[in-house]
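Presented below is the structure to which this report refers.
The values are calculated or read from the model by the stated rules, or taken from the named source; none is laboratory data. Remember, it's a predicted structure, so these values are computed and weren't measured experimentally. Reconstructed Cβ throughout: ideal geometry from the backbone, glycine too, with neighbour counts over all protein chains shown.
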Amino acid sequence: MEDRIASLQTVAVAAIVAVAARKELDAARVAYLGKSGEITRLSEAMREVAKEDRPRIGKLLNELRQAVNAALEAKEQTLAAAADSAALATLDITLPGTPRETGSIHPLTRLLDQTVRIFRRMGFVLADGPDIETEWHCFDALNTPADHPARNEQDTFYLPDGRLLRTHTSTVQVRTMESQIPPVRIIAPGAAYRRDEVDATHLAQFNQMEGLYVDREVSVADLKGTLEFFFRELFGPETQMRFRPHFFPFTEPSYEIDIRARALGGKWMELAGCGMVDPAVFEQICQKRGDRVYDPDQVTGFAFGFGLDRLAMNLTHISDIRMLVENDLRFLQQFPA
Ligand code: DAH
């Protein structure tokens, strides 16, 4: 028995070492350790071994099994490593890789992000409202009379149920005051719609940025200071500004802001509308809310609004506003991250 074990160990280990393929290895495992494998049969033969010899023979048998298992395991690893290097041998690592397309931030989004960041530093928070609005939120609450040209069928997209696509983001002023008590200090970026013929300087859907600040004793000086700070942060410290008297139904007094900045090509540009919230607007809000927290004798406020698209156009020196919405890669790739 001892001799059989010793010679099987020599033969088996040598045979496994000589194996060159996966299949042979599996066959060897079955031949030695399988149900009727040689080692299994030897174990069965233990029954015939004299009782006093069993511990010694049993130990030898265990050593045989361990040696065969170790040889199988080692061969398994050698074969796997060989398969790996065979696969790698066909790989040409000098071939160019597949480039990862990295996108970039759209010029409009970049302008929007910068704008939001500057106003946040002054304590403004984001607010929003629906694009589909009631006439009341878009016009009546903003002191815009029934015969105002902005309400014209030719100028505004009306839905069959009488609602409309908001013509400006000033609707968010109304929405905010309906649901929040003063002080409020909000900015509201969003889409606005007008029934304009689309051309190089007009889109029927465009983007605006609205702002509203209501508290006790808010003054024109606050309005000027806030917007001057904002535009100087955005366009640089030498930016010049003009507040030109103007008219908006929802502010009194009202101004248009002209800006001259190198970033905008160095010429005066009419850029934003603003003013002190008209008491008539506060009265509308009070009526709607059914309380007096926006009593125009108690609170004052300023509001402003400007378009983002034309601004982005001037900042990026493009001549056609439609480029901002066409998603043409040749355009977009000119503004790497
Ligand atoms: N809503 C105006 C527009 O679309 C812009 C505007 C002017 C907004 C004056 C304001 C404001 O908040 O005070 O032309």
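Data for the structure
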| read-out | value |
| --- | --- |
| Residue 118 vs. criteria assigned to a loop (DSSP other than H, G, I, E, B) and either of a type in the set (A, V, I, L, M, F, W, C) or more than 30 Å from residue 276 (Cβ to Cβ) (or both) | no |
| Failed item, numbered, when residue 288 is tested on (1) in contact with a Phe, Trp or Tyr (Cβ under 8 Å, 6 or more places away or on another chain); (2) within 23 Å of residue 181 (Cβ to Cβ); (3) away from the ligand (no atom under 14 Å from the Cβ) | (1) |
| Residue in region 19-33 that is small (Gly, Ala, Ser), part of a loop (DSSP other than H, G, I, E, B) and outside the structural domain of residue 191 (by TED's automatic domain parsing) present | yes |
| When residues of region 187-208 are limited to those that are closer than 24 Å to residue 223 by Cα and of a type in the set (A, V, I, L, M, F, W, C), the one nearest to the ligand (Cβ to nearest atom) | 192 |
| Region 54-113, subset basic (Lys, Arg) and over 15 Å from residue 43 (Cα atoms), residue modelled with the lowest pLDDT | 100 |
| Criterion: loosely packed, with under 15 Cβ neighbours inside 10 Å and modelled with pLDDT of 95 or more - qualifying residue of 258, 295 | 295 |
| Residue satisfying condition, being under 14 Å from residue 248 (Cβ atoms) and within 16 Å of the ligand (Cβ to nearest atom), within set 282, 304 | 304 |
| Extreme residue, surrounded by the most Cβ atoms within 10 Å (Cβ to Cβ), among residues of region 240-251 that are more than 10 Å from the ligand (Cβ to nearest atom) and over 36 Å from the mean Cα position of the chain (by Cα) | 243 |
| Meets criteria (among the aromatic types (Phe, Trp, Tyr), surrounded by 16 or more Cβ atoms within 10 Å (Cβ to Cβ), assigned by TED's automatic domain parsing to the domain that holds residue 171 and part of a strand (DSSP E or B)) for residue 302 | yes |
